[in-house]
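Step one of this worksheet: look at the structure below.
The values are calculated or read from the model by the stated rules, or taken from the named source; none is laboratory data. Computed from a predicted structure; not experimentally measured. In this analysis, Cβ positions are derived from the backbone assuming ideal geometry, glycine residues included, and neighbour counts consider all displayed protein chains.
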Amino acid sequence: MSDKMDNIRKNWEEWLESRSKMTDRDFKYETVSALPVNDLYTPLDIEKMDYQKDLGMPGQYPYTRGVQGNMYRGRLWTMRQFAGFATAKESNERYKYLLSKGQTGLSVAFDMPTIMGYDSDHPRAFGEVGRVGVAIDSLADMETLFGGIPLDKVSTSMTINAPASILWCMYIATGEKQGVPSEKLTGTIQNDILKEYIAQKSWIFPPHPSMRLITDIFAYATKHVPKWNTVSISGYHIREAGSTAAQELAFTLADGFAYVEAGMAAGLDVDQFAPRLSFFFNAHIDFFEEIAKYRAARRIWARRMKEKYGARSPKSWMLRFHTQTAGCSLTAQQPEINIVRTAYEAMSAVLGGTQSLHTNSMDEVLALPTEKAVQIALRTQQILAFETGAANVIDPLAGSYFVEALTNKMEEEAEKYFEEIDRRGGVLAAIDQNFFQQEIADAAYQFQRAVDRKKRIMVGVNEFIDEDEQIEIDILKIDPQIERDQAARVQKVRSDRDNLRTGDALDSLRKAASGTENLIPYILECVRSYATEGEIIQVMREVFGEFKEKPIF
Amino acid sequence: MAKKIRVLVAKPGLDGHDRGARVIARGLRDAGMEVVYTGLHQTPEQIVEAAIQEDVDVVGLSVLSGAQMTIFPRICELLKENGAEDIMVIGGGTVPADDVKELKNGGWAKEIFTPGTTLETIVEWINSNVNTD
């Protein structure tokens, strides 16, 4: 050890001696994930760190400092606000408005029946049509959703998982109708079924056929839709379900590796599909922990992709990610202060090097956001980008003893989880054993107990309560007539189409699903013949069966 | 000794946000109640059937999808049809204040707990409002 480090150590010991005589506030010093933090970090905490090996330069392996060489000086992050409501017609008008204001990327939110594979006139859709997003039943609705929007000019992100293959085929078929070849389409489907079993719970089929649909999408995209991001591997929902930051990091990357392994097992070259994998993380309220999480994520992904999976293309090593601020950190009490929480969270995402960002609206704890609230959320990003200086310098917190030590700690915690998952036989086996679900439920319960007992302070909830508070913010309401109209529309599609062609297409899909062929061409033909989402799902459900969760708590 | 209060925690509809339902289920169990959790994606029919079969005193519905104004009345209607209107219906989730008022005034929910409510508050409320005789 060098004399310099010896001196620091000596000084640190002296400081510790005098510091131990001081009285501290009665407070538990830990992150929002209950990870204890020291009061001081020094060079001693990152003594073993090797700059070249562990950090390097931005745009260089292992990408700890960011995926682009010039980061936000080249291009700012994309401000991508998630939207969608009611019917295709209403959402189409909103998208056209957003595009006319200079937005180039769309992000589609679907309603629960669409997410779960039910048509709008199905009894299970009752009361839920158009409520949390737009209702899409068939190609006819998708044509309306993108009417007058040239699909070779926009990139579209679709938050859809279990039925992702169907909605993606509808998008491809809409492109065909507009004369846009699938090779020119750009966008993302979330298509991350593993996190559905783990946290978000919008599953339909059991894991194995679901993974087959995903590798079918990888294979089809490689040949026909090469610019499409085929999966957005999501930690967001894992965190919202109550996980810690380290669990979000570990479980999300483990899912990512499971997709890589599935693609390779299906006979694909890792460098053909891995560059199209993207990530989606949460930005929670614990500022430094979040920044450490993003930095660790990039480093772990790069190392494993190169060293374990033998990827040769730098594009396969780079972890690109979207971020959304934490809905679960917001409070129904004094909702206006959610603007402040969201601003801090957004800043952690930017200092952590995100590629795109959604900032939540202050009223999302109460209902769908109003226009005013959405505008404030977008302005929060613009202040961050143009006023605060946060985007001026690449990875500005690198070299901070604390941030580097915490980044290392995050990596260490994730590695421990990877070992545990391996011991359990991989991600699918661990899902089957309820491992992730129980870990998350435990963390969520611990957190709630800490809030209830005031071990953790939430402003406005258990401290600084406004006793006479009357919440006076506007709430966006969805007219129940929308459900009746949409149900009538899907019934009209069924009676107007060439039902012989539709029937044939569904039969061919049923046969193919029982075999091993790539299903995407069959789904595409169903979609082109105006088979509805519910009909296509039903055919696959008959072959694949349905997933059932053990209801643990 | 008093009979233990039996609670059915239910997730109606298609929405999968079950963090709150699970936390509440565990909290009520830790407070000495007998808790049954339905799991996700339950129809009103399935919930009412479970409530009757499990002979519960109270049904707690967790709703975060905005579908509360169709789900609560439907459950109450089905309980009544099955002669089980003595089972109390309460709920929790992202329910706007106007809807809370309407649900309580309409007799479709005895109480609605919105985000920020402590487990202690809910336990205390159930203990003092549910009669197990």
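In the set (1) of a type outside the set (Ser, Thr, Tyr); (2) in a loop (DSSP other than H, G, I, E, B); (3) surrounded by 21 or more Cβ atoms within 10 Å (Cβ to Cβ); (4) in contact with a helix residue (DSSP H, G or I) (Cβ under 9 Å, 6 or more places away or on another chain), A:LEU368 fails one condition alone, (4). Of all residues in region A:52-76, which are surrounded by 13 or more Cβ atoms within 10 Å (Cβ to Cβ) and either polar (S, T, N, Q) or not in a loop (DSSP other than H, G, I, E, B) (or both)? Passing the criteria: A:ASP54, A:LEU55, A:GLN60, A:THR64, A:GLN68, A:MET71, A:TYR72. Checked across region B:111-125, the condition of being closer than 14 Å to B:ALA10 by Cα, touching a helix residue (DSSP H, G or I) at 6+ places or on another chain (Cβ under 9 Å) and of a type in the set (Ser, Thr, Tyr) holds for no residue. Mind checking whether some residue in region A:450-468 is modelled with pLDDT of 95 or more, of a type in the set (Val, Ile, Thr) and assigned to a loop (DSSP other than H, G, I, E, B)? No, that holds for no residue. Restricting attention to region A:331-361, the residues being assigned to a helix (DSSP H, G or I), at pLDDT below 95 and polar (S, T, N, Q) number 0. Screening region A:86-111 for residues that are within 14 Å of chain B (Cβ to nearest Cβ) and more than 14 Å from A:GLN481 (Cα to Cα) and picking the one that is surrounded by the fewest Cβ atoms within 10 Å (Cβ to Cβ) gives A:ALA109. Assess whether A:LEU509 counts as being more than 24 Å from the chain's Cα centre (by Cα), within 23 Å of A:MET540 (Cβ to Cβ) and crowded, with 17+ Cβ neighbours inside 10 Å. It is true that A:LEU509 is more than 24 Å from the chain's Cα centre (by Cα), within 23 Å of A:MET540 (Cβ to Cβ) and crowded, with 17+ Cβ neighbours inside 10 Å. Taken as a whole, the condition of being closer than 28 Å to A:THR64 by Cα and either within 14 Å of chain B (Cβ to nearest Cβ) or in contact with a Lys or Arg (Cβ under 7 Å, 6 or more places away or on another chain) (or both) applies to A:ALA398. Is it the case that region A:170-193 has a residue that's within 14 Å of chain B (Cβ to nearest Cβ) and part of a helix (DSSP H, G or I)? Yes, region A:170-193 has at least one match. Apart from one condition, B:ILE5 fits all of (1) facing chain A (nearest Cβ under 10 Å); (2) surrounded by fewer than 22 Cβ atoms within 10 Å (Cβ to Cβ); (3) of a type in the set (Val, Ile, Thr); the exception is (1). Among the residues of region B:96-112, those identified as within 10 Å of the chain's Cα centre (by Cα) and in a loop (DSSP other than H, G, I, E, B) are B:ALA109, B:LYS110. Residues in region B:29-40 that are under 12 Å from the mean Cα position of the chain (by Cα) and more than 7 Å from chain A (Cβ to nearest Cβ) were compared, and the one that is farthest from A:LYS550 (Cα to Cα) is B:VAL35. Among the residues of region A:380-410, the ones that are among the aliphatic types (A, V, I, L, M) and under 24 Å from A:GLN247 (Cβ atoms) come to 5 in all. A single member of B:ALA10, B:ALA25, B:ALA51 is within 9 Å of chain A (Cβ to nearest Cβ), within 12 Å of the chain's Cα centre (by Cα), crowded, with 23+ Cβ neighbours inside 10 Å and small (Gly, Ala, Ser), and it is B:ALA25. The set of residues from region A:352-368 being more than 10 Å from chain B (Cβ to nearest Cβ) and β-branched (Val, Ile, Thr) comprises A:THR354, A:THR359. Candidates A:PHE281, A:PHE257, A:PHE321: the one that is in contact with a Gly (Cβ under 6 Å, 6 or more places away or on another chain) and crowded, with 20+ Cβ neighbours inside 10 Å is A:PHE281. Looking at B:VAL59, B:VAL9, just one residue is at pLDDT 95 or above, among the hydrophobic types (A, V, I, L, M, F, W, C), in a strand (DSSP E or B) and under 18 Å from A:GLY242 (Cβ atoms), and that residue is B:VAL9. When restricted to residues that are on the phi < 0 side of the Ramachandran plot and crowded, with 24+ Cβ neighbours inside 10 Å, region A:112-130 contains 11.
For region B:75-95, the criterion of being within 30 Å of A:GLU463 (Cβ to Cβ), part of a helix (DSSP H, G or I) and either out of contact with any helix residue (DSSP H, G or I) (no Cβ under 9 Å at 6 or more places or on another chain) or within 14 Å of chain A (Cβ to nearest Cβ) (or both) is met by none of the residues. Using the structure shown, decide if B:GLY20 is small (Gly, Ala, Ser), outside any loop (DSSP other than H, G, I, E, B) and facing chain A (nearest Cβ under 10 Å). Taking the combined requirement at face value, the residue satisfies it. Filtering region A:530-552 down to residues that are crowded, with 16+ Cβ neighbours inside 10 Å, touching a residue at least 60 places away in the same chain (Cβ under 8 Å) and more than 23 Å from A:ALA505 (Cβ to Cβ), which residue is farthest from the other protein chains (Cβ to nearest Cβ)? Checking each candidate, the answer is A:PHE547. Would you confirm, using the coordinates I've provided, whether A:THR380 is assigned to a helix (DSSP H, G or I), buried (at least 21 other Cβ atoms within 10 Å of the Cβ) and without any contact (Cβ under 8 Å) to a residue 60 or more places away in the chain? Spelling it out, A:THR380 is indeed assigned to a helix (DSSP H, G or I), buried (at least 21 other Cβ atoms within 10 Å of the Cβ) and without any contact (Cβ under 8 Å) to a residue 60 or more places away in the chain.
The residues of region A:171-185 that are closer than 17 Å to A:ASN229 by Cβ and of a type outside the set (Ser, Thr, Tyr), listed by number, are A:ILE172, A:GLY175, A:GLU183, A:LYS184, A:LEU185. Among the residues making up region B:57-70, those that are among the β-branched types (Val, Ile, Thr) and surrounded by 24 or more Cβ atoms within 10 Å (Cβ to Cβ) are B:VAL59, B:VAL63. Within region A:335-351, if we keep just the residues that are crowded, with 24+ Cβ neighbours inside 10 Å and of a type outside the set (A, V, I, L, M), the residue that is nearest to A:GLU290 (Cα to Cα) turns out to be A:SER348. If the condition is being touching a residue at least 60 places away in the same chain (Cβ under 8 Å) and part of a helix (DSSP H, G or I), then region A:514-525 contributes A:ILE520, A:PRO521, A:ILE523, A:LEU524. Checked against the criteria, A:GLN81 does not count as without any contact (Cβ under 8 Å) to a residue 40 or more places away in the chain, crowded, with 17+ Cβ neighbours inside 10 Å and under 23 Å from the mean Cα position of the chain (by Cα). Selection of region A:112-131 for residues being farther than 17 Å from A:LEU167 by Cα and either in a loop (DSSP other than H, G, I, E, B) or more than 14 Å from chain B (Cβ to nearest Cβ) (or both) yields A:ASP121, A:HIS122, A:PHE126, A:GLY127, A:GLU128, A:ARG131.
For region A:412-436, what are the residues that are under 12 Å from A:ALA258 (Cα atoms), of a type outside the set (A, V, I, L, M) and in contact with a Leu (Cβ under 9 Å, 6 or more places away or on another chain)? Once the filter is applied, which keeps residues that are under 12 Å from A:ALA258 (Cα atoms), of a type outside the set (A, V, I, L, M) and in contact with a Leu (Cβ under 9 Å, 6 or more places away or on another chain), region A:412-436 yields only A:PHE418.
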